[in-house]
Amino acid sequence: MQRTILDLWVGIFVVAGLAAILFLALKVGNMAGFENGQTYSLKAGFDNIGGLKPRAPIKSAGVVVGRVGEIGFDNQSYEATVTLNLDSRYQFPKDTSAAIMTSGLLGEQYISLEAGGDEKKLGNGDRLKITQGAVVLENLIGQFLYNKADEGKSKDKAGSL
Amino acid sequence: MIASIRSVLQKIGHRVIDSVWRMGFAGRFFLLTLMHSGTCFRRFHLILREVFSAGVLSLIIILVSGLFVGMVLGLQGFETLQTYGSEEALGILVAKSLVMELGPVVAALLFASRAGSAITAEIGLMKATEQIAAMEMMAVDPIARVVAPRFWGAVISMPLLAALFSAMGIFGGYLVGVVLIGVDNGSFWSQMQAAVSFDRDILNGVIKSVVFGVAVTTIALFEGFDAPPTAEGVSRATTRTVVTSSLAILGLDFILTAFMFRGV
Amino acid sequence: MVLKGVNLTARRGQVIAIMGNSGCGKTTLLRLIGGALKPTTGTLMVDGVNIGELDQDALYDMRRRMGMLFQFGALFTDMTVYENVAFQLREHTDLPEPMIRDLVLMKLHAVGLRGAHNLMPSELSGGMARRVALARSIALDPMLIMYDEPFAGLDPISLGVTGNLIRRLTDALGMTSIVVTHDVQESLKIVDYVYFVSEGVIEAHGTAAEIKASDLPFVHQFVHGEEDGPVPFHYPAQSYGTDLGLSA
């Protein structure tokens with residue numbers, strides 16, 4: 001085999017292979033912008049995080065603005081402490097609230113940020129004051145049944161009067 | 001009675017000692033290969049030649065198998081997902097299974113039987129026809145001149161082949177799912193992109209294929225170098241390369257997957 | 001233990017032959033000289049250096065000054081004739097390509113195969129492969145060349161060509177040639193001195209003329225190819241009659 005032809009084929013092979021990796025990275029995977037960009041982190045305490053996992057998206061107005069970092073447990077307040085890594089391009093006011101939501105009925109859980117009206121912006125290491133934990137399906141059903149039972153009782157009372 | 005138990009135990013002991021000895025020998029061989037890699041990086045065309053014979057010559061089988069595996073995944077996945085009314089998730093199913101598992105594993109299995117066996121046979125024959133001995137007599141270290149370039153050529157080729165396999169498979173899944181069956185084009189790609197992450201899925205797939213490449217190539221080179229210099233010895237070594245490296249790929253795949261899921 | 005007591009000397013410009021029947025330790029001797037094996041006792045001096053005591057680097061330095069012709073040539077099957085001869089030049093020197101080309105063509109010309117430089121080893125006949133291997137082993141102008149059965153499996157013409165080449169190259173390059181063979185007639189034509197090895201010891205030695213005239217039973221049997229003699233036709237066994245159950 002001639003050296004030049006061999007070189008040509010190896011060149012084609014390597015370029016095709018790298019193109020395949022690039023295709024997987026850009027077209028198949030979501031290596032979208034900020035993953036390697038500048039981030040700052042916030043902390044937030046939740047009474048219940050449900051099924052939230054590290055690297056879950058953080059969305060504001062439906063736009064992905066960051067990813068969940070570490071999840072820990074606070075021994076003093078008995079709450080879950082979640083680190084939020086946000087893209088530095090996005091700034092939020094001091095009184096922003098965080099809530100754990102579910103995409104679809106049984107989908108992945110994510111953190112939703114609702115901006116407040118404060119003039120001052122949140123900086124690195126700040127703590128979010130207003131949080132709302134995950135809605136646990138079992139609690140919801142339990143509450144629903146309890147309310148139904150309550151309704152029945154008050155109806156009974158009304159009848160006896 | 002006692003004598004027969006004794007002989008069975010002896011046989012087991014002998015096999016264990018033998019295989020441990022061989023593993024130690026292979027490990028030493030692997031380290032020697034790494035230590036003597038300097039020469040072939042200074043003369044890079046030696047590695048390019050081996051990228052050609054390990055990588056380029058495996059292209060056809062990798063691309064064709066990738067396409068068919070992807071098409072089968074598309075067909076089977078559609079059948080299953082249809083019963084849950086979520087055909088749009090076909091993209092996720094095809095991409096995730098290819099990028100994390102099937103791409104690296106099947107590409108490595110094909111690589112072991114296509115390139116691995118060729119490496120073993122070539123080195124075994126070089127030994128049988130005294131080419132290795134001749135090289136040593138010419139004051140050229142065969143580990144540096146014959147083994148190391150083949151090692152690096154194959155290790156470079158493996159992740160590229162695995163990526164090509166995955167990309168071809170996703171294209172096959174797209175052909176069957178979107179073009180043939182008619183799953184929505186937009187949701188096929190967008191759901192896939194939402195569910196497959198670069199550093200968790202794709203990078204882990206690449207890491208897997210590099211590890212498989214190192215394992216298959218080391219086994220193939222060692223078996224070739226260790227083969228008795230006879231026709232029968234070389235043919236047995238070639239068979240052993242395919243069997244051992246297939247088992248190594250599947251075993252390593254389990255270990256790596258377990259570590260990667262724990263790390264998330 | 002294959003060799004028990006062997007004492008031989010080879011001088012510069014000489015072709016010496018080591019003869020003996022198959023399996024008597026001739027190839028072992030070559031492997032000892034090349035440093036592939038280390039002697040358990042005794043010393044082996046090449047150009048004043050004890051081969052058995054060299055470390056890997058020094059041994060490789062020494063091997064650059066030695067050549068070896070393997071039984072069937074041992075050409076690299078994945079390279080052309082040209083690349084085979086250029087192999088050592090590329091590995092051990094930084095010569096520019098035009099100079100390598102000149103050297104390779106000169107070596108190939110010396111063995112009469114300059115026109116075959118573009119062929120692959122699989123396209124060569126046995127005799128041509130042997131000559132290419134010879135050109136490859138003299139690429140670095142060594143001081144010593146060893147030949148492992150250079151005459152095995154050659155037709156009479158190639159046999160004569162190879163024999164004459166060994167003699168001519170030895171004289172032209174002023175090197176030492178050690179030929180291991182059992183082809184008596186061909187080697188006696190070209191060698192200066194002959195050693196006969198049998199069962200690990202030197203049985204006889206002398207110049208070609210002395211050997212031809214020798215009346216030692218072993219040498220006589222070997223040179224004339226007699227069936228029975230000191231080397232028996234029959235493998236040692238109990239008596240024929242006992243084996244067939246004839247004796248009472």
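Each value in this text was obtained by applying a stated rule to the coordinates, not by laboratory testing. Model, not experiment: these values are computed from the prediction. Every residue, glycine among them, receives a Cβ derived from its backbone with ideal geometry; neighbour counts consider all protein chains shown.
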Check your understanding: So which GluC sites (Glu not before Pro) in the range C:148-248 are both in a DSSP loop and have at most 11 other Cβ atoms within 10 Å of their Cβ?
Key -> C:E227
Exercise for review: Could you tell me what fraction of 2.2 N^0.38 Å the Cα radius of gyration of the range A:35-142 comes to, as a two-decimal ratio?
Suggested key: 1.04
Study note, to complete from the structure: For the range A:65-159 the trypsin sites (Lys or Arg not before Pro) that pass both the DSSP coil test and the at-most-14 other-Cβ-within-10 Å test are A:R89, A:K120, A:K129
Exercise for review: Return one quarter of the surface area of the convex hull spanned by the alpha-carbon atoms of the range C:144-224, equal to its mean projected area, in nm².
Suggested key: 5.6 nm²
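At R0 = 45 Å, how high is the FRET efficiency between C:R168 and B:S235 if r is their beta carbon distance? Nearest 0.05 is fine. Write down the numbers at each step before the final one.
On the way: r = 42 Å, r/R0 = 0.93.
Computed FRET efficiency for C:R168 and B:S235 comes out at 0.60.
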Exercise for review: Extending each Cα 7 Å along its Cβ direction at C:S239 and A:K121, get the distance between those two points in nm, one decimal.
Suggested key: 11.5 nm
Review point. How crowded by other chains is B:164-171, given as the mean number of beta carbons from other chains within 10 Å of each beta carbon?
Key: 4
Check your understanding: Stretch C:D228-C:L105 to full length: gain in nm at 0.36 nm per residue minus the Cα-Cα span?
Key -> 39.4 nm
Practice item. Please list the non-local residues whose amide H lies under 5 Å from the amide H of A:E79, H modeled 1.01 Å from N, same-chain partners needing a gap of 5 or more. Key: A:D74
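Once the Cβ-Cβ distance between C:D61 and A:V15 is put in as r, and R0 is 56 Å, what FRET efficiency do you end up with, to the nearest 0.05?
Numbers: r = 43 Å, r/R0 = 0.76.
Calculated transfer efficiency: 0.85.
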Review point. Under a straight-distance cross-link criterion of Cα-Cα below 17 Å, which aspartates and glutamates are reachable from A:K43, leaving out those fewer than 8 residues away in the same chain?
Key: A:E70, A:D74, A:E79, A:D87, A:D95, A:E114, A:D126
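Order by neighbour count: C:H234, C:H205, fewest other Cβ atoms within 10 Å first, most last. Mind showing how you got there, number by number?
Working: C:H234 7, C:H205 21.
By the 10 Å Cβ count, ascending: C:H234, C:H205.
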**Study point:** Convex hull volume of the range B:20-158 per residue (C-alpha atoms, cubic angstrom)
**Key:** 140 Å³
Exercise for review: Please identify the longest segment of chain A free of exposed GluC sites (Glu not before Pro), where exposed means a DSSP state other than H, G, I, E or B and no more than 15 other Cβ atoms within 10 Å.
Suggested key: A:1-107
Revision key, fill the gap. The Cα radius of gyration of the protein assembly as shown, divided by 2.2 N^0.38 Å with N its residue count, comes to 1.44
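Taking only DSSP H segments of four or more residues, each worth -39500 (n - 2.57), what value at 222 nm results for chain C once the sum is divided by all its residues, to the nearest 500 deg cm²/dmol? Walk me through the numbers on the way to the answer.
Values: 10 runs with 99 residues, N = 248.
Value at 222 nm, helices only: -11500 deg cm²/dmol.
What is the antiparallel percent of DSSP beta bridges lying wholly in the protein assembly as shown, to the nearest 5? Please report the intermediate quantities before stating the final value.
On the way: 34 of 60 bridges.
Given both bridge residues lie in the protein assembly as shown, the antiparallel proportion sits at roughly 55 percent.
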Practice item. Go through C:K38/C:K212; B:K127/C:K26; A:K53/A:K121; B:K11/B:K127; A:K53/A:K120; A:K27/B:K96 and tell me which ones have a Cα-Cα distance over 23 Å in this structure. Key: C:K38/C:K212; A:K53/A:K121; B:K11/B:K127; A:K53/A:K120
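Which whole-number percent gives the relative contact order of chain C, counting Cα pairs below 8 Å spaced six or more residues apart?
Working: 374 pairs, mean separation 71.2, N = 248.
Dividing the mean separation by the residue count of chain C yields 29 percent.
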Exercise for review: Evaluate the distance, in nm, between pseudo-label points positioned 7 Å from the Cα of C:K212 and of B:F254 along their respective Cα→Cβ axes.
Suggested key: 7.5 nm
Practice item. Quote the charge dipole size of the range C:15-227 about the Cα centre in Debye, to the nearest 20; the model charges only the Cβ of Lys and Arg (+1) and of Asp and Glu (-1). Key: 440 debye
Check your understanding: Can you give the relative contact order of chain A as a percent, counting alpha carbon pairs under 8 Å and 6+ residues apart?
Key -> 23 percent
Exercise for review: Just the number, please: percent antiparallel of the DSSP beta bridges in chain C, rounded to the nearest 5.
Suggested key: 30 percent
Revision key, fill the gap. One checks the Cα atoms of the range B:1-57 and finds Rg and Dmax, in Å, of 20.7, 63
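What translational D, rounded to a whole number of µm²/s, comes out for chain B from Stokes-Einstein when the hydrodynamic radius is the Kirkwood one over Cα pairs, at 10 °C and 1.306 mPa s?
Details: Rh = 20.2 Å.
Stokes-Einstein gives a translational diffusion coefficient of 78 µm²/s.
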Review point. Between C:G225, C:G25, C:G206, which gets the highest mean-square fluctuation from a Gaussian network model of chain C, Cα cutoff 10 Å?
Key: C:G225
Study note, to complete from the structure: Along the range C:12-17, Karplus-curve 3J(HN,Hα) (6.51, -1.76, 1.60; θ = phi - 60°) to the nearest Hz, with x for Gly and Pro, reads 4, x, 9, 10, 10, 10
Practice item. Per residue of B:55-68, count partner chain C-beta atoms within 10 Å of its C-beta, then hand back the mean as an integer. Key: 2
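Quick one: grab the alpha carbon gyration tensor of the range C:15-227, order the square roots of its eigenvalues as a ≥ b ≥ c, and give me rounded if a/c is under 1.5, else prolate or oblate depending on whether a/b is larger than b/c. Could you put the intermediate results ahead of the total?
Numbers: a/c = 2.14, a/b = 1.37, b/c = 1.57.
Oblate, since a/c reaches 1.5 and b/c is not below a/b.
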**Study point:** Choice from B:S86, B:S190, B:S65 with maximal GNM fluctuation in chain B (Cα, 10 Å cutoff)
**Key:** B:S86
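When averaged across all projection directions, what area in nm² does the alpha-carbon convex hull of the range B:153-249 cover?
Details: hull surface 33.1 nm².
Here the figure is 8.3 nm², rounded to one decimal.
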Check your understanding: What is the Cα centroid distance between the range C:141-163 and the range B:3-24, reported in whole angstrom?
Key -> 47 Å
Check your understanding: Amide H neighbours of C:H117 under 5 Å, counting only residues 5+ apart in sequence or on other chains, H built in-plane at 1.01 Å?
Key -> none
Check your understanding: When the Cα centres of the range B:61-100 and the range B:197-213 are compared, how far apart do they sit, in Å?
Key -> 19 Å
Exercise for review: For chain B, with a Gaussian network of springs between Cα atoms less than 10 Å apart, report the residue from B:F188, B:F165, B:F254 with the top mean-square fluctuation.
Suggested key: B:F254
Point to revise | Karplus-derived 3J(HN,Hα), 6.51/-1.76/1.60, for each residue of the range C:73-80, Hz, glycine and proline x | key: x, 6, 5, 6, 6, 9, 10, 6
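Evaluate E = 1/(1 + (r/R0)^6) for B:R22 and A:D7, where r is the Cβ-Cβ distance and R0 equals 30 Å; express this FRET efficiency to the nearest 0.05. Spell out each step's value before the answer.
On the way: r = 38 Å, r/R0 = 1.26.
Efficiency computed from Cβ-Cβ geometry: 0.20.
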Practice item. Could you list which residues have their amide H under 5 Å from that of C:A204, counting only those 5 or more apart in sequence or on another chain, with H placed in the peptide plane? Key: C:F196
**Study point:** Sites matching trypsin sites (Lys or Arg not before Pro) across the range B:132-221 that sit in DSSP coil, with at most 16 neighbouring C-beta atoms within 10 Å
**Key:** none
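Work out how much length A:D95 to A:I71 would gain on full extension: take 0.36 nm times their residue separation and subtract the Cα-Cα distance, in nm to one decimal.
Values: separation 24, 0.36 × 24 = 8.64 nm, distance 2.18 nm.
That works out to 6.5 nm of additional length.
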**Study point:** For the range C:157-173, 3J(HN,Hα) per residue [Karplus equation, 6.51 cos²θ - 1.76 cosθ + 1.60, θ = phi - 60°, Hz, x = Gly/Pro]
**Key:** 5, 4, 4, x, 4, 5, x, 5, 4, 4, 5, 5, 5, 4, 5, 5, 8
